[in-house]
Amino acid sequence: MDDALRVPHLRATADLELRPWSLSAADLELVREASADDLIPITMAPATSSREAATRFVERQWQRATDRTGYPMVIVRRRDNTPVGSIGLWLKDIDEGRASLGYWVVRSARGHGVAADALAAVALWALQELHIPRLQLYVEPWNRASIRTAERAGFECEGLLRSWQKVGNRRRDMFMYARLATETLAEADRVCTG
Ligand SMILES: CC(C)(COP(=O)(O)OP(=O)(O)OC[C@H]1O[C@@H](n2cnc3c(N)ncnc32)[C@H](O)[C@@H]1OP(=O)(O)O)[C@@H](O)C(=O)NCCC(=O)NCCS
């Protein structure tokens, strides 16, 4: 059997680092805050805030590295060593040379560009160290904060995927954003408007 993936520690900025999930009180508190958010639980975190649900969430993140399906990381603010969000690089289509990314930041830490800095750091690592040719993001057209995050991290909009996936009990359109190994980092100039 293949070895588990090694989730790295990455320095995104002077005040931001990315690291593997732990069962520390701070990481469980992050999951609890995310689970109480009005947007994050729809697809990404448990919708209940019990300690057991938070523990199972962290164990699922570890399982993804064990199964070699992706690299889940916690986004940590270094100045007070506080976990503020989550970002993952997912490898379902890696045999085709593609990986996708997902991210969230808890409400108490939003509005400071944390997601864009974390996304730019993971993208650079994936392109330069893992040599993945193409990175993809799926963003709902109403989600302006995520669209700006993608653009600031150098992802370009390639179009609207109609009725692309089921979120909750409705099928949703998604913008496809991508960044290629052959491109240098610049803020995206192909953008879509919702
Ligand atoms: C998307 C998300 C990760 C962004 O987190 P963040 O790092 O705090 O992002 P910021 O609040 O700094 O916003 C980034 C940009 O979006 C803009 N923005 C934020 N909220 C906005 C809104 N409601 N309408 C329009 N623009 C908005 C900001 O002004 C900023 O733009 P700038 O780069 O031009 O200055 C966060 O909002 C989140 O966790 N949302 C819920 C989960 C989610 O949607 N994940 C992504 C799924 S694809």
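Here are the numbers for the structure shown:
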| read-out | value |
| --- | --- |
| Scan of the range 128-151 for residues that are among the β-branched types (Val, Ile, Thr), in contact with a helix residue (DSSP H, G or I) (Cβ under 8 Å, 6 or more places away or on another chain) and near the ligand (Cβ under 10 Å from one of its atoms), ordered by number | Val139, Thr149 |
| Residue pairs meeting the criteria (Cβ under 7 Å; at least 6 apart or on separate chains; first near the ligand (Cβ under 10 Å from one of its atoms), in the range 105-127; second assigned to a loop (DSSP other than H, G, I, E, B) and of a type in the set (Gly, Ala, Ser)) | Ala116/Ala153; Leu119/Ala153 |
| Subset of the range 128-137 [in contact with a Leu (Cβ under 7 Å, 6 or more places away or on another chain) and outside any loop (DSSP other than H, G, I, E, B)] | Arg134, Leu135, Leu137 |
| Residues that are over 11 Å from Glu29 (Cα atoms) and in contact with a helix residue (DSSP H, G or I) (Cβ under 8 Å, 6 or more places away or on another chain), drawn from the range 50-64 | Ala53, Phe57, Val58 |
| Subset tally (residues that are over 15 Å from the mean Cα position of the chain (by Cα) and not basic (Lys, Arg)) for the range 105-158 | 16 |
| Residue count, the range 141-151 (criterion: open to solvent by 20 Å² or more (accessible area, probe 1.4 Å) and touching an Asp or Glu at 6+ places or on another chain (Cβ under 7 Å)) | 1 |
| Answer residue from the range 93-104, given it is more than 16 Å from the ligand (Cβ to nearest atom) and within 21 Å of Glu156 (Cα to Cα) and is farthest from the chain's Cα centre (by Cα) among those | Glu96 |
| Residues within the range 1-41 that are in contact (Cβ under 8 Å) with a residue 24 or more places away in the chain, within 17 Å of Leu124 (Cβ to Cβ) and either part of a loop (DSSP other than H, G, I, E, B) or over 17 Å from the mean Cα position of the chain (by Cα) (or both), tallied | 3 |
| Members of the range 152-166 that are modelled with pLDDT of 95 or more, out of contact with any helix residue (DSSP H, G or I) (no Cβ under 6 Å at 6 or more places or on another chain) and either surrounded by fewer than 20 Cβ atoms within 10 Å (Cβ to Cβ) or closer than 16 Å to Arg98 by Cβ (or both) | Phe155, Glu156, Glu158, Gly159, Leu160, Leu161, Arg162, Ser163, Trp164 |
| Strands (runs of 3 or more DSSP E) enclosed by the range 51-105 - at least 3 residues per element that are touching an Asp or Glu at 6+ places or on another chain (Cβ under 7 Å) and open to solvent by less than 10 Å² (accessible area, probe 1.4 Å) | none |
| Filter result for Arg171 (out of contact with any Phe, Trp or Tyr (no Cβ under 9 Å at 6 or more places or on another chain), open to solvent by 10 Å² or more (accessible area, probe 1.4 Å) and within 26 Å of Pro46 (Cβ to Cβ)) | no |
| Residues being open to solvent by less than 30 Å² (accessible area, probe 1.4 Å) and more than 16 Å from the ligand (Cβ to nearest atom) - total across the range 23-50 | 2 |
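The values are calculated or read from the model by the stated rules, or taken from the named source; none is laboratory data. Bear in mind that the values here come from a model prediction, so they are computed numbers and not experimental data. Backbone-built Cβ (ideal geometry, glycine too); neighbour counts: all protein chains shown. To get the accessible areas, we keep the full protein, side chains included, count just its heavy atoms, and leave off ligands, DNA and RNA. Shrake-Rupley method; radii C 1.70, N 1.55, O 1.52, S 1.80 Å.
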